[in-house]
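The values are calculated or read from the model by the stated rules, or taken from the named source; none is laboratory data. On a predicted model such as this, the values are computed, not experimentally measured, just so you know. Here the Cβ positions follow ideal geometry from the backbone for every residue, glycine too, while neighbour counts run over all protein chains shown.
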């Protein structure tokens, strides 16, 4: 049985391909008739870029009946892919020569790449986030992390106050205090993994034979806190990437719109066609 | 053992073997908190001398639940001034009223919404929609006082739970709208209270009057112990609603008047479970699944011969089947569903009784009609063709388990039937999410945590989001803290001003800011914690305070499903990734379709 999403894809992919083909044939025909096909492809491209940028305005105008964001998203994806094809036809599959054109070309490629990359991460990252047992709201992660740090600190201090617990005390001082206190660093922010969590847990497992009964109980709680801290870091890293990607994509789009507008004005200003 | 008894004793900690001396409390009993502390023995004596109590036989009541105790603890005397609204059409209530002194007017015609203090739901205008971009308040929960006066034709008097709303032009309304007058000794509101259905009419004080308000617990016991009272309520229901209810049932549509009368006279009314299930919901959640199942009253048991065809009038019931040592939930049934049809038909066709395949248990409070098996087989089934029977069996086919993990929804028993994970069904029933007509489900495997839904909600509510994007999870699905606009809206029970009510057109549960007095009855009743109490501010961000006491003015807030916006809930429309949906949880095929999208 075909699901709704599959049916939607089966409709929109052929439709987009058909529109690509129609645009290619139309531009080719214009070229053969010695018409200015580059103007047609340019305006088509500008129109598509403006339409793509309008998605952001749709998001702002939530109270107006402008269709669901989900429908807009689908149109955005397929219109974006269509824009890439029109762009390739517009530049005639060549690297531009001038500085401004190179900048415009680069901006378009970066915007398109950020869009395609964004499409991938918006499909892949939620699945990874959903695997974490608990759901965290991004803005609250800092506070929750602080709570975990304090809980770990209090747990160890209380244990040490009650009786000598050298193994847990040393392990906390040497390994865990820094883990709970510090942030995970740049590389983790880019590619978060559970490797360090697993290593800490393995080290605790290795020490298990030396623990007193009380230390063993405390180590179990520390394990839970390590897991929670790691879950918080993992959520934060992935959610930050999701937010950063969106910020980058929108910023590039605004820059692209500006450059495209200047390009359009310049093309008309310096057009050497018949008068 | 009842759930109250099970949770009556508080122990020091879960680890301790025995509770310490100071952690012990006296076991709570039914009447620890009487309906009113102002009821006195003298008042009860006076009541016992008037009808209908004078006709009741006190010996029918056990010593632990005497008629005197019921009147002392489950009733209270309420005084109303001329024009005060006592009950509003469409409201949910948990009590009935006996007129002690004076008279009240029952409006047979529906009064206009404004006359009842209901919120009007103006649809958005283009300019208003666009201006939301810049006109949002800089402070949370700002109220513009001009907007609070929305043209309602009601006034407010009294304070706190004693607040009354009154009809400002009673003589005009009495002239304009048809009604009936009830005098001392007459009763109203009992059917809605016992059947947990919306009030059928508005009742207002025609003159200054005193009423005896009897809460549902007392009503239930009176019905149990006083046959004349039970007969009275049942007669009212039979007279007013039963015929319409049975006529709406597809199985009975083709019956002649005589046949339907036979069915009506044989039909039995039964109620199961706790009327105020929501008050014990949190405590029940702490128990194990088997304990929870244990306290759910059984309506029909797997393996037993069906005593009758069960028609659910209100509430929810869990359909389950023995699986190992436990019970597997296959579905939940709400208003309009039938139970036992397949077995009764099979028994009739084979001329041998067929045992029930599944058990049916009350989840919360369930009100049913039971048509005896013999009546169904004598008066109903012979009037149906083989094709009609087949069609009905398909429509009312029970879900079937498939390899333990999934339940197949649909009658085809084929591969194309939609399936729902059994664990999800258990989760929905355990947490009472089946009550949601507009539950917010988020697919966490598609949600990018962009918060566009929260922003859209805030943008359409003056920068105040009306839900929280967190909540209970089952696997990849989250049930967010957003008002579910419940089928059984327990939040509406007890609102002293009727500020929280169902929109007559959309059925959504909405709050009228103007008549909300901030008593928090609704927020405390909501088992899902989806109503928040907020301190309101003026345009300048200053907290608004009561001019007399200086205390902050508080209002109840919750999701209104964007009832004054175009296009439905903004949260759902704002999700670019098809991750969020407002789902009618009573519609299992729709749920299955969404899950398999």
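So the values come out like this:
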| read-out | value |
| --- | --- |
| Residue A:62 within 11 Å of chain B (Cβ to nearest Cβ), without any contact (Cβ under 8 Å) to a residue 12 or more places away in the chain and in a helix (DSSP H, G or I) | no |
| Count of residues meeting criterion [more than 11 Å from chain A (Cβ to nearest Cβ) and in contact with a strand residue (DSSP E or B) (Cβ under 9 Å, 6 or more places away or on another chain)] in segment B:438-468 | 9 |
| Those strands (runs of 3 or more DSSP E) lying entirely in segment B:266-363 with at least 3 residues farther than 28 Å from residue B:199 by Cα and touching a residue at least 12 places away in the same chain (Cβ under 8 Å) | B:308-323, B:326-333 |
| Any chance residue B:512 is within 14 Å of another protein chain (Cβ to nearest Cβ), farther than 28 Å from residue B:285 by Cβ and out of contact with any helix residue (DSSP H, G or I) (no Cβ under 8 Å at 6 or more places or on another chain) | no |
| Residue selected from segment B:549-597 under the condition out of contact with any helix residue (DSSP H, G or I) (no Cβ under 8 Å at 6 or more places or on another chain) and without any contact (Cβ under 8 Å) to a residue 24 or more places away in the chain, by the criterion nearest to residue B:456 (Cα to Cα) | B:568 |
| Enumeration of residues in segment B:446-460 that are surrounded by fewer than 22 Cβ atoms within 10 Å (Cβ to Cβ), in contact (Cβ under 8 Å) with a residue 60 or more places away in the chain and assigned to a loop (DSSP other than H, G, I, E, B) | B:446, B:450 |
| Given (1) at pLDDT 80 or above; (2) assigned to a helix (DSSP H, G or I); (3) surrounded by fewer than 19 Cβ atoms within 10 Å (Cβ to Cβ), number of the condition residue B:238 does not satisfy | (1) |
| Pairs, first farther than 15 Å from residue A:242 by Cα in segment A:178-192, second in a helix (DSSP H, G or I), C-beta under 6 Å, six or more apart | A:180/A:149; A:180/A:152; A:184/A:233 |
| Segment A:14-27: number of residues that are without any contact (Cβ under 8 Å) to a residue 60 or more places away in the chain and in contact with a helix residue (DSSP H, G or I) (Cβ under 8 Å, 6 or more places away or on another chain) | 1 |
| Selected residue (only one of A:129, A:110, A:144, A:119 is facing another protein chain (nearest Cβ under 9 Å) and surrounded by 15 or more Cβ atoms within 10 Å (Cβ to Cβ)) | A:129 |
| Test: residue in segment A:33-51 that is in contact (Cβ under 8 Å) with a residue 24 or more places away in the chain, touching a helix residue (DSSP H, G or I) at 6+ places or on another chain (Cβ under 8 Å), closer than 30 Å to residue B:135 by Cβ and within 14 Å of chain B (Cβ to nearest Cβ) | no |
| Qualifying positions in segment B:552-589 - at the interface with chain A (Cβ under 8 Å from one of its Cβ atoms) and either surrounded by fewer than 21 Cβ atoms within 10 Å (Cβ to Cβ) or more than 27 Å from the chain's Cα centre (by Cα) (or both) | B:566, B:567, B:573, B:574, B:575, B:576, B:577, B:578, B:579 |
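Every residue, every condition in (1) without any contact (Cβ under 8 Å) to a residue 12 or more places away in the chain; (2) touching a helix residue (DSSP H, G or I) at 6+ places or on another chain (Cβ under 7 Å); (3) assigned to a helix (DSSP H, G or I); (4) closer than 15 Å to residue B:190 by Cβ, yes or no:
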{"residue": "B:35", "(1), (2), (3), (4)": "no, yes, no, no"}
{"residue": "B:39", "(1), (2), (3), (4)": "no, yes, no, no"}
{"residue": "B:42", "(1), (2), (3), (4)": "yes, no, yes, no"}
{"residue": "B:45", "(1), (2), (3), (4)": "yes, no, yes, no"}
{"residue": "B:68", "(1), (2), (3), (4)": "no, yes, yes, no"}
{"residue": "B:91", "(1), (2), (3), (4)": "no, yes, no, yes"}
{"residue": "B:97", "(1), (2), (3), (4)": "no, no, no, yes"}
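Yes/no matrix, rows are residues, columns are (1) within 14 Å of chain B (Cβ to nearest Cβ); (2) over 30 Å from residue A:101 (Cβ atoms):
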residue	(1), (2)
A:234	yes, yes
A:237	yes, yes
A:247	yes, no
A:265	no, no
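One line per residue, one yes/no per condition, for (1) at pLDDT below 80; (2) in a helix (DSSP H, G or I):
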position: B:105; (1), (2): no, no
position: B:120; (1), (2): yes, no
position: B:124; (1), (2): yes, no
position: B:127; (1), (2): yes, yes
position: B:139; (1), (2): no, no
position: B:166; (1), (2): no, no
